Each structure stands twice: as structure tokens, then as C-alpha cells.
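Take a look at the structure below.
The values are calculated or read from the model by the stated rules, or taken from the named source; none is laboratory data. What you are looking at is a predicted structure, and each value in this text was computed from that prediction instead of being measured. Glycine also receives a Cβ, built like all others from the backbone with ideal geometry; neighbour counts cover every protein chain displayed.
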Amino acid sequence: MKRFFNTRERLVPEALEGLLRSPAGKDLCRLDGYPDIKVILRRDWERGAGKVAVISGGGSGHEPAHAGFVGRGMLTAAVCGSLFASPGVDAILAGILAVTGEAGCLLVVKNYTGDRLNFGLAAEQARALGLKVEMVIVGDDISLPGHRQARGIAGTVIVHKAAGHMAESGASLERVAAFAADVAARTRSIGLSLSDCDTYDEGHASRLAADEGELGLGIHGEPGAKRIALADAGGLMTLAADALLAALPEGEARHALMLNNLGTTPVIEMSLLLEAFAATALARRVALVAGPAPFMTALDMNGFSLTLVELTDEIAASLQADVAPTAWTGMAPWQEPTVIAVPDLPDIFAAAPSNNPALRDAVQRGAKVLLENEEALNALDARIGDGDAGSTFAETARVIDGALDRLPLADPQALMQTLGRLLARHAGGSSGALLSILFATAGRSEQARWEAALLEGIAAMQRYGGAREGDRTMLDALIPAVRALDAGAAWAEVVRAARGGADATAKMGKAEAGRASYIPDGQLDNVPDPGAEAIARLFEALIPGG
């Protein structure tokens, strides 16, 4: 996999420096101890202010955890290890000494052996120096029932939030530690991923087949509790939610949900997954929600995790309190989407339907050829664009063909007005919008002849779309064809004009408009523009008697 990094050894320090330069790091600083001591601190922290410090950390590669949660209302300091490796004892001790005053400090530690040992040893050394230190271990992973050492995963962030709120309120170390331990005991998580993660290993090969995923996984690339077959988003979300539901104690207690992005799941898919969660049985137990967002990632893992925490009024208040770190996206009430009525839109079919058998037949033949050529045009577009030109033209054909019985086919002006509104409402992509402009403008024209009105529509397409003849777009086929129509040419001549224009695009080289204009020189050679090709094939299908 291709990566943005310089060396593996400098990856974490350089990423932390980038954080400190960013808006998210404007109130943060670090200890001067690279490469062994990588500690991020609150710049506004006063050890003598009488507040408990909250410290967490662990291996890097889980960003924004842990440094991204340093700030008022959450962590006082984060001790960062190397990639997926616990920080050393001296680094943790340095973090404790840097921020701990008379009120003491709480260490929030994920339940992994290295973290427990190193944070525990640092705590002992700090106590020997006279500091008050408590430690809460988080083991929120429910994927291995009966295991004596449940892993600490994304639910650790919930404990950061709760402990940070309690510490910010001025509570004692004993109170902060007890509250954090209670929240940790009420927190449960499970992860599901469609990939494992690449730990900057040049020889990395995924352990998962193309049709496999994993349920119940940690955050260090270790295998999940079980392999699962791929399914749609709803099915996968149900698998995870049902596993989490089965781990909840009896009763109808309210819970808060945190939907976590494990690394590279696209934002649109994370939003879809939250909607998929709403359809699960577990959703009925949820009162608050945080995310979807990356809270604790696993490098480039394509997956998500669900975290639930059983609520009390005090826990709910702590999770909803405002904080400084922007990586915490906030927690809001779980509710149904608010929907308001659509304003009255122009009536698409304002004109009465009428029939023109010849035109009806032509429209049906045109729609048929665009549908039949969907894949071929997509393949052509994939060579120079985003591969959807055929689908966009096919959707336009479906929209028009499906409305045939409601179209004023015997009234050219009313027909063009109707087509303009119809495509504006239902057709997609730039071609759909441009054709809508063509027909809408032509339908408003004062020209007596519909052919001349279409030329006005083409002028509007050029004005709004920014393309001209010769720019290697569908206009290169459309303009000569409509010019021939306006000149009264025979239909065969009109078709030849469209075909000639489309063929000419293959020799134009550099495109001057549309997505193809971003393609480097040379890659367009001998490849016709998909939009122009679609127009040419459309006109060819409209040959009378064809």
C-alpha cells in the first residue's frame, strides 16, 4: 500500500509536530524528549490549581487517540508510544511529573499487557516520589466472552470524557477514579472490519479474502474473533449490534452509543452505518449518540466499532459537557430525523398530454439505444472520466420513456417545456442538467420553429456549462446536428453531422471542458468523447423507419 511518510522511526514524532502546528493543537505543547519521550500536554494546565490530572496514552496509530483528546474537559496529557507499542516507563513518568500537583493524577489505561505493565511501573515510581496516583484499566471489548483480560478499545475514549469532566469539576482523586472505574465497568464495545491494517510493512498481505470480513477485533491488527461473509451494510451492522445487545445485562437501561470509524471507512458509509444501526433491536436502548467519527482508529482499517455505555444522570451529563478537544465531536440525544414539507414545485406536467405516433416511436427507439449502450458508454467514459456517462444517459432515457403517456407530444413548445422540468426534477449528472437547460430554454423561446428554438437552447447550454464546439464534449455532436436540422437538411444529413462531430472528438487531443479537461495530454488520443458518442448513437437510432 502506498503511504505518506518519511521513515517509520520518525512517523510518530513528525505526526505529533503536525498536530501541534494545526488548529487542533493551538492550546497544546509537548515535552522536550523526542524520540523516547513523546508527551503532549495542555498548555493552559496549572499544577497548583487543585485539579486532578487525567493522563492516558498507549501505542500510536489510533489517532485522534490519544493526543487529539488532550484539552480542557478531557485529558491533561497523552503519552504516545511508537506504532502499536506501549510508551516506555520513563516517558509515562515524565508525563506524570509534568502535570501532577497536590490533587494527584488518574491514569486511564487500555487493557493490554504492555500498557498495564509500563503505566503500572510508572505509577509506582511516581508514588515513591510522593505523588498521588490512581489507575483505571479499561477492558470494553466483548468479542471474547469469558476471557480474563478483555481488551481496551474505543470505549477508552468514553472513559477519557467522563474522567476529564469529573476532574474539571474539581472533584477529588478518589472521586474521579471511582467515577472513571464505574463508567469503564458500564462500557462495552465491538468492532467489525472488512480489512486488516497495514503496519507499514512492505511485505504486507491481507489475511482476508475478497469476500470476507472480521467481527470482534482489536485495534492493533490482530485477527477478529470470527471471520464473517460479506453482506450489505444493514446485515453487517445487525451482526455487530446483536453481538453487543447479547452482552448487555438484563433490563431496559438507557445507553449512549459511540460509532467509531476504524480508519478508512468513507464518511458517507459511516453515516449510512448509523442509519443501519437505527434499524437494529439495539437502537431501542440508545438515548445519546456520538459520531460517526474517528475516535480510536487502527491505521487504515476499513471498519467500524460500536461502543455502548450504560447511563446514569451523572454519566449522561459528563458525556454531554462541552470540551476543548475538537476530536470529540459531542454527544447528542438519539432521535428521529426531522423532516419538513417540500415547498410547492412547478408542475412538471402542466400541459395536457397529447399524441404524435411518429415522435412517440422515435422517443422509444432513442431510449432503447441509450439503455442498450449504457455499459459501452460507461466503459468509454472510464478511460477518460469517472465511468458513469452511460448510466447518466440511460437514466435520462428511463425518465423520458417512463413519462411518455403524460407528455404533450403533439405540441413542440409545450413538450420542450415539460422535458426541461422533467429532467430538472429526475435526471442526474451534468448531462442531465445540460439537457434540461436545452429543453427549458427552447420551450420558452419565441422562435416560430422548434429547430431554431433548439439552437437557443444550445446557446444556453454553452453559457451555463462553459463549453464550446471543439472543446471535446457532447456539444461537438449536438451543435452540428441541430444546425443541420435548422437548415432543413434531410435526416440522413443530420445523422451524418452528429456522427462526424462525435468522431472528430477522438482526434481533438486535449479537452477544454468537462471532467476530461483534467486528463493529461496523450491519454485522450483516439478516444471519442462519451457524451458526443451518446448523442451520435441517439440520432442514429432516430432515423425514420430505423
Residue within the range 463-486 that is buried (at least 17 other Cβ atoms within 10 Å of the Cβ), hydroxyl-bearing (Ser, Thr, Tyr) and touching a residue at least 40 places away in the same chain (Cβ under 8 Å) present: yes
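Okay, residues lined up against (1) exposed (fewer than 10 other Cβ atoms within 10 Å of the Cβ); (2) farther than 14 Å from Leu407 by Cα:
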position	(1), (2)
Gln320	no, yes
Thr326	no, yes
Met331	no, yes
Val339	yes, yes
Val342	yes, yes
Pro353	no, no
Asn356	no, no
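With respect to Glu395, is the statement that it is farther than 22 Å from Met461 by Cβ, touching a residue at least 12 places away in the same chain (Cβ under 8 Å) and part of a helix (DSSP H, G or I) true? It would help to see each step written out before you state the result.
Details: farther than 22 Å from Met461 by Cβ: no; touching a residue at least 12 places away in the same chain (Cβ under 8 Å): yes; part of a helix (DSSP H, G or I): yes.
Considered against the rule, which asks whether it is farther than 22 Å from Met461 by Cβ, touching a residue at least 12 places away in the same chain (Cβ under 8 Å) and part of a helix (DSSP H, G or I), Glu395 comes out as no.
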Failed item in (1) closer than 30 Å to Pro292 by Cβ; (2) modelled with pLDDT of 90 or more, with Asp388 passing the rest: (2)
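Do we have Ala506 as touching an Asp or Glu at 6+ places or on another chain (Cβ under 9 Å), closer than 21 Å to Leu380 by Cα, modelled with pLDDT under 95 and small (Gly, Ala, Ser) here?
Numbers: touching an Asp or Glu at 6+ places or on another chain (Cβ under 9 Å): yes; closer than 21 Å to Leu380 by Cα: yes; modelled with pLDDT under 95: yes; small (Gly, Ala, Ser): yes.
Judged against the criteria, Ala506 is a match.
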Residue among Arg127, Arg116, Arg148 that is among the basic types (Lys, Arg) and in a loop (DSSP other than H, G, I, E, B): Arg148
Single match in Ala532, Ala516 (criterion: at pLDDT 90 or above and either among the hydroxyl-bearing types (Ser, Thr, Tyr) or assigned by TED's automatic domain parsing to the domain that holds Ile384 (or both)): Ala532
Lone qualifier among Ala448, Ala442 - being at pLDDT below 95, farther than 30 Å from Asn526 by Cβ, outside any loop (DSSP other than H, G, I, E, B) and not charged (D, E, K, R): Ala442
Given (1) touching a strand residue (DSSP E or B) at 6+ places or on another chain (Cβ under 9 Å); (2) surrounded by 15 or more Cβ atoms within 10 Å (Cβ to Cβ); (3) not β-branched (Val, Ile, Thr), index of the condition His165 fails: (1)
Tabulated pairs, the range 172-200, first touching a residue at least 60 places away in the same chain (Cβ under 8 Å), second among the polar types (S, T, N, Q) and crowded, with 20+ Cβ neighbours inside 10 Å, C-beta under 6 angstrom, 6+ apart or interchain: Ser189/Ser305; Ser189/Thr307; Ile190/Ser143; Gly191/Ser305
Residue among Ala98, Ala122 that alone is without any contact (Cβ under 8 Å) to a residue 60 or more places away in the chain and either over 33 Å from the mean Cα position of the chain (by Cα) or outside any strand (DSSP E or B) (or both): Ala122
Residue ID - farthest from Glu46 (Cα to Cα), chosen from residues in the range 85-115 that are surrounded by fewer than 18 Cβ atoms within 10 Å (Cβ to Cβ) and of a type outside the set (A, V, I, L, M, F, W, C): Thr113
Given (1) under 32 Å from the mean Cα position of the chain (by Cα); (2) part of a helix (DSSP H, G or I); (3) under 21 Å from Pro528 (Cα atoms), index of the condition Val369 fails: (1)
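Yes or no: Gly291 within 25 Å of Phe84 (Cβ to Cβ), touching a residue at least 24 places away in the same chain (Cβ under 8 Å) and surrounded by fewer than 23 Cβ atoms within 10 Å (Cβ to Cβ)?
On the way: within 25 Å of Phe84 (Cβ to Cβ): yes; touching a residue at least 24 places away in the same chain (Cβ under 8 Å): yes; surrounded by fewer than 23 Cβ atoms within 10 Å (Cβ to Cβ): no.
In short, no.
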Residue pairs meeting the criteria (Cβ under 8 Å; at least 6 apart or on separate chains; first over 16 Å from Leu345 (Cβ atoms) and assigned by TED's automatic domain parsing to the domain that holds Leu371, in the range 398-427; second of a type in the set (D, E, K, R) and surrounded by fewer than 21 Cβ atoms within 10 Å (Cβ to Cβ)): Leu404/Arg360; Leu409/Arg360
